[in-house]
Amino acid sequence: MKTLTSGEIAAFCDVNLRTVIRWIESGKLKGFKLPGRGNNRVLVDDFVDFLERHNMPVPQQLRGEATPGILIVDDEMPVAKSIQRVARRAGYDTMIATGGFQAGIMLSQNNPKLMTLDLSMPGMDGYSVIQFTREQQRYKRLKIIVISALDDVSLERALDMGADAVLQKPFSNHDLTSLLDTYMSA
């Protein structure tokens, strides 16, 4: 997780360092102190949220925190590889997680822009992954496309829980490409 110093934030906002420290101390800007030295640090996502809440411009180099990548989450490797082929042909970088726990780790390490998600997986199922991501502030911009062979009621439940779109298995390459293009450009 990338962090910024008070000095870096002061430079981005063109304000005095003391102003940034006051923002942190008053709770307007979420930050934390390093053990020992007491220097303040702020997560990039928290700083971007602060800027957006106060209608301040987000610096270009911070806007691109989410990689243009797609995290494919499916416990069936042939299906995951199929989704990966379609996504790569459409020009997107991809990575594959074969379960919910691995997906959580890969989300935090890679911060993709979009995740395709199977609902039926052993251990942590797709519903649990949706719930986890929607409870985390840092994933509020993550687009989730559920790709599942489950029935319409199950797909509707995924949408109700926070998925952005659903696609029934088996799917056409054209339909998948269309959804990827729509949500990757959003």
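The C-beta contact set for the stretch 77-97 (first residue touching a residue at least 24 places away in the same chain (Cβ under 8 Å), second residue in a helix (DSSP H, G or I) and of a type in the set (S, T, Y), distance under 9 angstrom, 6+ apart or interchain) comprises V86/T177; A87/T177; R89/T177; A90/T177.
Taking the criterion of being part of a strand (DSSP E or B) and aliphatic (A, V, I, L, M), the residues of the stretch 91-127 that qualify are M95, I96, A97, L114, M115, L117.
Of all residues in the stretch 1-24, count the ones that are among the hydroxyl-bearing types (S, T, Y) and over 24 Å from the mean Cα position of the chain (by Cα).
The qualifying residues number 2.
Do you know which of the residues in the stretch 131-184 that are hydroxyl-bearing (S, T, Y) and under 16 Å from A90 (Cα atoms) is farthest from the chain's Cα centre (by Cα)?
Kept after step one, since they are hydroxyl-bearing (S, T, Y), are these residues of the stretch 131-184: 133, 139, 148, 154, 172, 177-178, 182-183.
Still in the running and under 16 Å from A90 (Cα atoms): 172, 177-178, 182-183.
Details: S172: 25, T177: 20, S178: 20, T182: 16, Y183: 12 Å.
My answer is S172.
Which numbered condition trips up F47, out of (1) free of Cβ contacts under 8 Å to residues at least 24 places away in the same chain; (2) among the hydrophobic types (A, V, I, L, M, F, W, C); (3) closer than 30 Å to G27 by Cα? Tallying (1) free of Cβ contacts under 8 Å to residues at least 24 places away in the same chain; (2) among the hydrophobic types (A, V, I, L, M, F, W, C); (3) closer than 30 Å to G27 by Cα, F47 fails exactly one: (1). Can you tell me which residues in the stretch 8-43 are β-branched (V, I, T) and surrounded by fewer than 18 Cβ atoms within 10 Å (Cβ to Cβ)? Answer for the stretch 8-43, where residues must be β-branched (V, I, T) and surrounded by fewer than 18 Cβ atoms within 10 Å (Cβ to Cβ): V15, T19, I21.
Each residue in the stretch 128-143 was checked for being outside any helix (DSSP H, G or I) and not aliphatic (A, V, I, L, M), and 4 pass.
Readers should treat all values here as calculations from the given coordinates under stated rules, not as data from a laboratory. Keep in mind that this is a model prediction, so the values were computed, not measured. Cβ: placed from backbone, ideal geometry, glycine included. Neighbour counts: every protein chain shown.
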